[in-house]
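Working notes, structure below.
The values are calculated or read from the model by the stated rules, or taken from the named source; none is laboratory data. Values in this document were obtained by computation on a predicted structure and should not be read as measured data. Every residue, glycine as well, gets a Cβ built from its backbone with ideal geometry; the counts of neighbours run over all protein chains shown.
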């Protein structure tokens with residue numbers, strides 16, 4: 001009569017550990033992608049909030065808010081922005097920049113984003129693309145609010 005095995009062999013334990021390692025690696029990659037997707041959705045909401053605020057400002061004042069630096073809320077726009085954007089246009093993972101660029105007498109109005117994390121910036125570009133109304137401006141992705149001739 002043979003003896004009964006009371007445990008697992010070293011090979012069986014190693015196979016289980018390898019399988020668990022692979023599954024946890026896949027789960028981690030999926031988690032990181034989901035975080036980037038959530039940040040991209042937050043960016044889309046921020047683009048929309050600044051766009052609506054700028055359009056409302058224009059409707060009330062018949063002019064666009066003045067240029068501001070990266071992360072700074074343009075003068076006069078605070079009252080039009082939702083609570084999270086009234087003090088700063090900086091987020092933990094990216095910085096928004098309201099753009100009011102004069103092309104002669106015609107303004108070019110947009111909102112740009114720059115992220116320090118190149119993978120996150122790549123996700124932004126992959127999601128929004130560089131087709132109208134988005135375009136790449138150096139290392140920034142810009143959403144065009146109003147172009148030449150005041151075209152929206």
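Quick check on this structure: which one of 28, 14 is more than 24 Å from residue 76 (Cβ to Cβ), at pLDDT below 90 and surrounded by 10 or more Cβ atoms within 10 Å (Cβ to Cβ)?
Result: 28 is the single residue among 28, 14 that is more than 24 Å from residue 76 (Cβ to Cβ), at pLDDT below 90 and surrounded by 10 or more Cβ atoms within 10 Å (Cβ to Cβ).
For the structure I just gave you, tell me whether residue 45 is in contact (Cβ under 8 Å) with a residue 12 or more places away in the chain, under 17 Å from residue 144 (Cα atoms) and out of contact with any helix residue (DSSP H, G or I) (no Cβ under 6 Å at 6 or more places or on another chain).
Taking the combined requirement at face value, the residue does not satisfy it.
Return yes when residue 53 is surrounded by 13 or more Cβ atoms within 10 Å (Cβ to Cβ) and either in contact with a strand residue (DSSP E or B) (Cβ under 7 Å, 6 or more places away or on another chain) or touching a residue at least 24 places away in the same chain (Cβ under 8 Å) (or both) and no when it is not.
yes
Would a scan of the range 35-45 turn up a residue that is within 30 Å of residue 93 (Cα to Cα), in contact with a strand residue (DSSP E or B) (Cβ under 8 Å, 6 or more places away or on another chain) and surrounded by 10 or more Cβ atoms within 10 Å (Cβ to Cβ)?
Yes: one or more hits.
Filter the range 113-124 down to the residues that are without any contact (Cβ under 8 Å) to a residue 40 or more places away in the chain and surrounded by 15 or more Cβ atoms within 10 Å (Cβ to Cβ), then identify the one that is nearest to residue 66 (Cα to Cα).
So the residue we want is 115.
Mind checking which residues of the range 57-74 are under 27 Å from residue 92 (Cβ atoms) and not in a loop (DSSP other than H, G, I, E, B)?
In the first step, residues of the range 57-74 are kept if they are under 27 Å from residue 92 (Cβ atoms); the result is 57, 65-74.
Selection gives 57 alone.
Across the range 76-107, what is the number of residues that are free of Cβ contacts under 8 Å to residues at least 12 places away in the same chain and surrounded by fewer than 11 Cβ atoms within 10 Å (Cβ to Cβ)?
Number satisfying all stated conditions: 6.
Hey, could you check the range 127-141 for residues that are modelled with pLDDT of 85 or more and in contact with a strand residue (DSSP E or B) (Cβ under 7 Å, 6 or more places away or on another chain) and say which is surrounded by the most Cβ atoms within 10 Å (Cβ to Cβ)?
The qualifying residue surrounded by the most Cβ atoms within 10 Å (Cβ to Cβ) is 141.
Does the range 27-36 contain at least one residue that is more than 21 Å from the chain's Cα centre (by Cα) and either closer than 30 Å to residue 106 by Cα or free of Cβ contacts under 8 Å to residues at least 12 places away in the same chain (or both)?
To start, the set of residues in the range 27-36 that are more than 21 Å from the chain's Cα centre (by Cα) comprises 27.
Restricting the remaining residues to those that are either closer than 30 Å to residue 106 by Cα or free of Cβ contacts under 8 Å to residues at least 12 places away in the same chain (or both) gives 27.
Checked the range 27-36: at least one residue is more than 21 Å from the chain's Cα centre (by Cα) and either closer than 30 Å to residue 106 by Cα or free of Cβ contacts under 8 Å to residues at least 12 places away in the same chain (or both).
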